[in-house]
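Chemist: Sharing a structure here in structure tokens format.
The values are calculated or read from the model by the stated rules, or taken from the named source; none is laboratory data. Predicted, not measured: the structure shown is a model, and the values here were computed from it. Cβ placement follows ideal geometry from the backbone for every residue including glycine, while neighbour counts extend to all protein chains displayed.
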Amino acid sequence: MHLPEFLIGAFVYLAAAVIAAPIASRLGLGSVLGYLVAGILIGPAVLGLVGSEGEDVMHFAEFGVIVMLFVVGLELQPSKLWSLRKPILGLGGLQVLGTSASIALAAWFIGLDWKAAVAAGLILAMSSTAIVIQNLNERGQLKTFAGQSSFSVLLFQDIAVIPMLALLPLLAVQKSTAHESTSLIAELPAWAQTLSVLAAVAAIVLAGRYLMRPLFRFVAQSGIREIFVAFALLIVVGITLMMQFVGLSAALGTFLAGVVLAESEYRHELEMDLDPFKGLLLAVFFIAVGAGIDFNLLMANPMQIVGLVLGFVILKLVVLYAIARIFRMKGPDSAHFAFSLAQGGEFAFVLISFCLGLGLLLASQAAVLVAIVAISMALAPLLTITNESFIQPLFARGGQIRAADVIDETAKVIIAGHGRFGMTVGRMLQGKGYKTVVLDHDAEQIDALRRFGFKLFYGDASRVDLLEAAGARTAEVLVIAVDEREKISEIIAAAKKHFPHLRIFSRAFDRVHAYEILNAGVDDVYREVFASSLDMGEQVLVALGQDPLEARRAASAFKSFDEKVMRKQARHAGDNDKIVDIVRTSRAELERVLAGDRVVPPLGDDQARAGNDGRN
């Protein structure tokens, strides 16, 4: 590798990432698709800005995949995995097995060797986590039944990559070229290599539980953030080198290390510190994949490639829809589920490279698979549009999709969401004689509550026409109490744009979510557990011997003080260092406030009308 060529290649890749990301975001294409398109443009097929040095950059960028797997492991606490075991293992397991088997049979039928066919089935069973999650978020569907089912499948796929990387060498016709020169177990038989995998897994689990945690604690005590970041990278690089030295998958080792550390007290800090490295290196990785697509192959056999892509997508749609119906999803949810997951995924590129090194795939076969995966990912937005524009209306005409209710009432207060949060607000207002119009987009919730005598309307409150029908032009207050963060943002945006006179009272899930809502122009923000925690704190003070009136004043003073601090922090949302500084400087001030050095009177009715009290 010549350093100047590598630097030129790295410069071009980074420049492409900087340009592609905002353009793709603005066009709604998703960052992964944007990076792939950017890679195609700078690659040999179009502008020719990168050539052979792209391979060197690609090897460097593959470290981003390793870091990504470590971060994925950090997000998968064993307790969370256990609580989701049924949808993950059941739906996810059947999807991977069913899709892999179907594609492997089809590949074998069109002439591939059975080992290559099995490898192709495993590769093409993957779906794009980045594309699917973004699409579901943008459409407010992540919390729906179909969205949660898709998430469970994606989670299982992320986990399934690890045993795939461990078991694929058993099919190999040659040792992995990536590890041939440094592996200590390269000459061992297959069963001995499998035992070595299990031994290495056990070593990482034990080291993570009994060695890495104390070391992280020791490093964290220094208080130097750069050293903590360096140690996190040292762990990832060290595991990568160790796994390669014994001939195993670096991805396997880093993923397991992440899972072991998932319940560590340093999990969130590790994620925050490694996320920039992961994002940047993955951007370069996907650009390199786009640049490496063999367009000579595509131009030489256009009908064959197009046929393979369409066949792959259709086969995957059929299998996914059938699996959804087996798990008793309704028709519309089954279609959402199938069309969401019908493309190839990021991990497919990792598996293709791995299988190529093992000799399971020929170079020409790997090139075709890369083209199929990349083109199917590029088609993901089109699949979503097809589902929403053509497939879902078919279910609607068949009566399987519930249309929004006709709203025949108006009131001064519109409540969006009537779950455990919005129900309390609505009951209190109605108890005082205020009429409300309640919207909710959970059909099952509405049907259940109507049996108790509640009057609700089915509909998505982020739709301007439904807000208009609910009387938003003449209403005074909009209460947003839905249980989806993204949906709250959508409703706020719609109301602010089309009904600016409405005073908005919005639920917030936590402090960070409150920053987002405040910065969106909503002053009345209520953190969902803050009020109950204040009540508990007040009662604890009384239990410790404080006078009840003094405890009430302390709670009121704390509420007022924390509200001011939160609003100050919201102005610096995203700047964690500044937020930490505000917390540190406010701690001593809070002690003075509660000690009585400052007089903070209970908030009265005038302040309430000004919107300065009770923002929980």
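Chemist: Scan Ala367, Ala300, Ala363 and give me the residue that is touching an Asp or Glu at 6+ places or on another chain (Cβ under 6 Å) and surrounded by fewer than 23 Cβ atoms within 10 Å (Cβ to Cβ).
Modeler: Unique residue meeting the criteria: Ala367.
Chemist: Of (1) modelled with pLDDT of 85 or more; (2) within 15 Å of His441 (Cβ to Cβ); (3) over 23 Å from the mean Cα position of the chain (by Cα); (4) of a type outside the set (S, T, N, Q), Ile488 satisfies all except one. Which?
Modeler: Only one criterion in (1) modelled with pLDDT of 85 or more; (2) within 15 Å of His441 (Cβ to Cβ); (3) over 23 Å from the mean Cα position of the chain (by Cα); (4) of a type outside the set (S, T, N, Q) is unmet by Ile488, namely (3).
Chemist: Determine the pairs where a residue that is on the phi > 0 side of the Ramachandran plot, located within the stretch 212-239, has a partner that is surrounded by 13 or more Cβ atoms within 10 Å (Cβ to Cβ) and part of a loop (DSSP other than H, G, I, E, B) with Cβ atoms under 8 Å apart, the partner being 6 or more residues away or on another chain.
Modeler: Pairs found: none.
Chemist: When the residues of the stretch 394-412 are filtered to those that are surrounded by fewer than 15 Cβ atoms within 10 Å (Cβ to Cβ) and at pLDDT 75 or above, which remaining residue is nearest to Val132 (Cα to Cα)?
Modeler: Leu394
Chemist: Pick from Ala608, Ala557, Ala520: which is aliphatic (A, V, I, L, M), at pLDDT 80 or above and not assigned by TED's automatic domain parsing to the domain that holds Ile491?
Modeler: Details: Ala608 fails: at pLDDT 80 or above; Ala520 fails: not assigned by TED's automatic domain parsing to the domain that holds Ile491.
Being aliphatic (A, V, I, L, M), at pLDDT 80 or above and not assigned by TED's automatic domain parsing to the domain that holds Ile491 holds for just one of Ala608, Ala557, Ala520, which is Ala557.
Chemist: Continuing with this model, one more query. Applying the selection to the stretch 336-360, what residues are of a type outside the set (Phe, Trp, Tyr), over 18 Å from Ser100 (Cβ atoms) and crowded, with 22+ Cβ neighbours inside 10 Å? Break it down into steps so the answer makes sense when it comes.
Modeler: First pass over the stretch 336-360, keeping only residues of a type outside the set (Phe, Trp, Tyr): 336, 338, 340-346, 348, 350-353, 355-360.
Checking the rest, the ones that are also over 18 Å from Ser100 (Cβ atoms) come to 336, 340, 353, 356-357, 359.
Matches in the stretch 336-360: His336, Ser340.
Condition check ((1) in a helix (DSSP H, G or I); (2) free of Cβ contacts under 8 Å to residues at least 60 places away in the same chain) across all residues:
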{"site": "Glu269", "(1), (2)": "yes, yes"}
{"site": "Leu310", "(1), (2)": "yes, yes"}
{"site": "Val313", "(1), (2)": "yes, no"}
{"site": "Ala324", "(1), (2)": "yes, no"}
{"site": "Ala342", "(1), (2)": "no, no"}
